[in-house]
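Input: a single structure, listed below in structure tokens.
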Amino acid sequence: MAHPRMYTETDPWLREIREIALSFPEATEVEAWGRPTFRAKKMFGIYNGSLSERISLEFKPDMSESDALKQDKRIFVPPYNGAFGWLALDLTSAKPDLQEIAELLESSYRLVALKRMLKALDGG
């Protein structure tokens, strides 16, 4: 059974997040669980839209940064994926900083991308 769509194309920040996520080499978007997910071989980002519990961006942090990120009041451990080390940025608690979003997504991308993708990202 298909999941209901949990976002609309006019959702806040979706266009900007999509643009950032898809700028990484070989990144793709796949709708899963009714949400846009961003992948590079494996998933590195999930957009939880306006029809979800709260508008947020889930990402997989580098483990060395996880504890520091959790100190930020905008960051929370999301249901389900939190058990696998994912965190989420609440996009409604303050105006999102697109540079910060790009950094979070790039860090997450680097954890799942293949060597050739990383080489392309780094300009090699």
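Laboratory data are not the source of any read-out in this text; all were calculated from the coordinates shown. None of these values were measured; they are calculated from a predicted model. Quick reminder, even Gly has a Cβ in these numbers, built from the backbone with ideal geometry, and neighbours come from all protein chains shown.
For this structure, a couple of remarks:
- Computed from point charges on the beta carbon alone (+1 for Lys and Arg, -1 for Asp and Glu), the dipole magnitude for the chain about its Cα centre is near 380 Debye.
- Cα→Cβ-extended label distance, 7 Å offset, between K70 and R116, nm: 3.8
- Ordering of 48-55, 116-123 by burial proxy (mean other Cβ atoms within 10 Å per residue, highest first): 48-55, 116-123
- Summing +1 for each Lys or Arg and -1 for each Asp or Glu among the other residues whose beta-carbon sits under 13 angstrom from that of R54 gives -2.
- Every helix of 4 or more DSSP H residues in the chain counts as -39500 (n - 2.57), and over all residues that averages to -9000 deg cm²/dmol at 222 nm.
- Arranged from fewest to most other beta-carbon atoms within 10 Å of their beta carbon, Y7, Y80, Y109 become Y80, Y7, Y109.
- Backbone geometry of region 100-109 corresponds, through the Karplus equation with coefficients 6.51, -1.76 and 1.60 at θ = phi - 60°, to 3J(HN,Hα) couplings of 5, 4, 4, 5, 5, 5, 5, 4, 5, 4 Hz, x marking Gly and Pro.
- Distant-in-sequence amide H partners of S50 (H built 1.01 Å from N, under 5 Å): T8
- Count of Lys pairs (Cα-Cα under 25 Å; at least 8 positions apart or interchain) in region 14-121: 14
- Out of every Cα-Cα pair that the chain contains, those further apart than 25 angstrom amount to 18 percent.
- Positive-end ranking of F59, L89, L121 along the dipole of region 14-121, with charges on Cβ about the Cα centre, is headed by L121.
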